[in-house]
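Note sheet for the following structure.
The values are calculated or read from the model by the stated rules, or taken from the named source; none is laboratory data. The model shown is predicted, which means the values in this text are computed figures rather than measured ones. For neighbour counting, all protein chains shown are included, and Cβ atoms are generated from backbone atoms with ideal geometry for every residue, glycine included.
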Amino acid sequence: AQKITQTQPGMFVQEKEAVTLDCTYDTSDPSYGLFWYKQPSSGEMIFLIYQGSYDQQNATEGRYSLNFQKARKSANLVISASQLGDSAMYFCAMREDNYGQNFVFGPGTRLSVLP
Amino acid sequence: KAGVTQTPRYLIKTRGQQVTLSCSPISGHRSVSWYQQTPGQGLQFLFEYFSETQRNKGNFPGRFSGRQFSNSRSEMNVSTLELGDSALYLCASSLGGTSGVVNYNEQFFGPGTRLTVL
């Protein structure tokens, strides 16, 4: 079974608009972390934001925020005020605490920001 | 602070050959993880080394192996290359927190090594 599901293979957003990238996960471990990474065409993975399973508040980092709904096992990434440079692949990932540093990645969503 | 470096950046090999990829983590980071990224399979975890010991291993055949040195630098080796091994190989380093404790433990990725097997 897929541990991380990203149902949107591709998304388009107009520059300066907000966009939400979906991520649902599956785990029985009560202790886990959720991550979002951006991968531009250059290939390098860039960390965006982190949410711990015990965190009470949704994580925010600048224009990025994570809409964490623990009961629904979803961790959607919200990008506000999209910029052309946001065009990239976006990966949701999970680290289950019982599995050390083994990150499980979703299939990714390709975001295209339109001028 | 220097980031994660991987060498070489590009590599072309033929079937049956072997290859060694290198990863230098961020100074002070003790955990190094390796991932294979292909268009068909996405990002898949290969293995993780922490303090010179393999701590986790993904579902890859024994042709894929790795090691970590005392300075935390890591190498990954693939023997008897197959066409399907063509991929971007990413290395990531982190502080490597202890299991059982939920820590913010971000992985910093290197630029990757793009391996092409002909």
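Could you please give the count of residues in region B:12-55 that are under 23 Å from A:Gly108 (Cα atoms) and under 12 Å from the mean Cα position of the chain (by Cα)?
Pass one, region B:12-55, residues under 23 Å from A:Gly108 (Cα atoms): B:32-48.
Imposing the further condition that a residue be under 12 Å from the mean Cα position of the chain (by Cα) reduces the set to B:32-37, B:43-48.
Adding up the residues that qualify gives 12.
Of the residues that sit in region B:87-101 and are touching a Phe, Trp or Tyr at 6+ places or on another chain (Cβ under 6 Å) and within 7 Å of chain A (Cβ to nearest Cβ), which one is modelled with the lowest pLDDT?
The selected residue is B:Gly96.
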> Of all residues in region B:15-36, which are part of a strand (DSSP E or B) and either within 11 Å of B:Cys91 (Cα to Cα) or modelled with pLDDT under 95 (or both)?
Replying inline: B:Leu21, B:Ser22, B:Cys23, B:Ser24, B:Ser31, B:Val32, B:Ser33, B:Trp34, B:Tyr35, B:Gln36
> Within region A:50-64, restricting attention to residues that are more than 10 Å from chain B (Cβ to nearest Cβ) and closer than 20 Å to A:Pro30 by Cα, which residue is surrounded by the most Cβ atoms within 10 Å (Cβ to Cβ)?
Replying inline: A:Asn58
> On the given criteria, is B:Asn71 more than 10 Å from chain A (Cβ to nearest Cβ), loosely packed, with under 13 Cβ neighbours inside 10 Å, part of a loop (DSSP other than H, G, I, E, B) and at pLDDT below 90?
Replying inline: no
> Can you find a residue in region A:82-93 that is within 17 Å of A:Asp26 (Cβ to Cβ), within 10 Å of chain B (Cβ to nearest Cβ), surrounded by fewer than 20 Cβ atoms within 10 Å (Cβ to Cβ) and modelled with pLDDT under 95?
Replying inline: no
> Within region A:102-111, is there a residue that is under 30 Å from B:Gln54 (Cα atoms), touching a helix residue (DSSP H, G or I) at 6+ places or on another chain (Cβ under 9 Å) and in a loop (DSSP other than H, G, I, E, B)?
Replying inline: no
>> Considering only residues that are within 13 Å of B:Gly112 (Cα to Cα) and more than 8 Å from chain B (Cβ to nearest Cβ), which ones fall in region A:35-46?
In response: A:Gln39, A:Pro40, A:Ser41
>> Looking at (1) at pLDDT below 90; (2) more than 12 Å from the chain's Cα centre (by Cα), which one does A:Gly33 not meet, given that it meets all the others?
In response: (2)
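Rundown of residues vs (1) more than 11 Å from chain A (Cβ to nearest Cβ); (2) free of Cβ contacts under 8 Å to residues at least 60 places away in the same chain, yes/no style:
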| site | (1), (2) |
| --- | --- |
| B:Gly28 | yes, no |
| B:Tyr35 | no, yes |
| B:Arg67 | yes, yes |
| B:Glu75 | yes, yes |
> For region B:40-65, how many residues are charged (D, E, K, R) and within 10 Å of chain A (Cβ to nearest Cβ)?
Replying inline: 3
> Looking only at region A:1-60, which residues are among the small types (Gly, Ala, Ser) and part of a strand (DSSP E or B)?
Replying inline: A:Gly10, A:Gly33, A:Gly52
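Being touching a residue at least 24 places away in the same chain (Cβ under 8 Å), surrounded by 19 or more Cβ atoms within 10 Å (Cβ to Cβ), more than 10 Å from chain B (Cβ to nearest Cβ) and in contact with a Ser or Thr (Cβ under 8 Å, 6 or more places away or on another chain) is the requirement here; does A:Tyr32 meet it? Write out each step before concluding.
Details: touching a residue at least 24 places away in the same chain (Cβ under 8 Å): yes; surrounded by 19 or more Cβ atoms within 10 Å (Cβ to Cβ): yes; more than 10 Å from chain B (Cβ to nearest Cβ): no; in contact with a Ser or Thr (Cβ under 8 Å, 6 or more places away or on another chain): yes.
Spelling it out, it is not the case that A:Tyr32 is touching a residue at least 24 places away in the same chain (Cβ under 8 Å), surrounded by 19 or more Cβ atoms within 10 Å (Cβ to Cβ), more than 10 Å from chain B (Cβ to nearest Cβ) and in contact with a Ser or Thr (Cβ under 8 Å, 6 or more places away or on another chain).
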> A:Asn76: farther than 27 Å from B:Arg114 by Cβ, assigned to a strand (DSSP E or B) and either in contact with an Asp or Glu (Cβ under 6 Å, 6 or more places away or on another chain) or among the small types (Gly, Ala, Ser) (or both), yes or no?
Replying inline: yes
> Would you pick out the residues in region A:9-30 that are among the polar types (S, T, N, Q) and modelled with pLDDT under 95?
Replying inline: A:Thr27, A:Ser28
